Amino acid sequence: MNAEEVELLSDSKYRNYVAAVDKALKNFEYSSEWADLISALGKLNKVLQNNAKYQVVPKKLTIGKRLAQCLHPALPSGVHRKALETYEIIFKIIGPKRLAKDLFLYSSGLFPLLSNAAMSVKPVLLGLYETYYLPLGKTLKPGLQGLLTGVLPGLEEGSEYYDRTNTLLEKVAAAVEQSAFYSALWGSILTSPAVRLPGVSFVLLHLNRKLSMEDQLYVIGSDIELMVEAVSTSVQDSSVLVQRSTLDLILFCFPFHMSQATRPDMIRILSAALHVVLRRDMSLNRRLYAWLLGVKCTHIHTQYYSNIF
């Protein structure tokens, strides 16, 4: 417990609050089916709402664990929605400063949910991010990569929530600064294969093709080595769609005359990109030749080199 919680323990009503939360949490231990979880969440919600005057939520570590368990992908959407109600009650009670302090405690359950959520759950989850996470601004940075890894699956072409997810990401970028946003984005792309396609697609969508790369260096983030590693890993991904999008990105961001990339960086990207010829895919080869030979002369050489490969 922190000093604030210790001080509150001198209040008999707060001690009763702690005991009520303990009792509500016991219900989770005896749950044997999903209906029991909904009932346990409802009882916990009632306790929290009845004591909303206290901005410090007791047993927050245990509550965070129980809520994360209730968001398990194997559970039905009814349990997920009820758990999201609990999150919202807590976020309203503790306010943005305490949420920023306990970001990882509550986010560990929320971040993985979107990719497995039912259609009825997704708007509720996005609403939580919009209402409670965006106002955190720069204090989001410690959990930014986790947030992006969790939100990027919503950028599915043709999805009902594509535009809303894209807008959320744009607002997050503005809230935390572009350079920090893209650094976290490259980290997500590097470590999470599932978000490579939406991640690279987001970068391509937000590049200004009328400007040179030098005029939008924030896309590189704060560490070009991280971007290079992410791009090199993505261009060797098992998905042709990921490789295709990554080659489009390389073509614009890493022309051979680019001064921002060192020779070892370019060698790393080139070595990774050359692996695409093994697929014998014309769409990949065309993009690779466009990068190697220059866009203007690609049409002259494509037919010749495609016959070789």
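Structure data summary
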read-out	value
Matching residues in the range 112-155 - criterion: being part of a loop (DSSP other than H, G, I, E, B), over 24 Å from Gly221 (Cβ atoms) and open to solvent by 20 Å² or more (accessible area, probe 1.4 Å)	Ala118, Met119, Ser120
Count of residues meeting criterion [of a type outside the set (S, T, N, Q), farther than 23 Å from Lys138 by Cα and open to solvent by 70 Å² or more (accessible area, probe 1.4 Å)] in the range 60-111	7
Answer residue from the range 32-59, given it is among the polar types (S, T, N, Q) and crowded, with 18+ Cβ neighbours inside 10 Å and is farthest from Lys97 (Cα to Cα) among those	Asn45
Lys59 vs. criteria among the charged types (D, E, K, R) and modelled with pLDDT under 95	yes
Helices (runs of 4 or more DSSP H) wholly inside the range 5-92 that include at least 1 residues being within 25 Å of Ser120 (Cβ to Cβ) and touching a Cys at 6+ places or on another chain (Cβ under 6 Å)	34-50
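The values are calculated or read from the model by the stated rules, or taken from the named source; none is laboratory data. Bear in mind that the values here come from a model prediction, so they are computed numbers and not experimental data. Using ideal geometry, Cβ is built from the backbone for each residue, glycine included, and neighbour counts are taken over all protein chains shown. Calculation scope for accessible area: heavy atoms of the full protein, side chains included, ligands and nucleic acids excluded. Shrake-Rupley method; radii C 1.70, N 1.55, O 1.52, S 1.80 Å.
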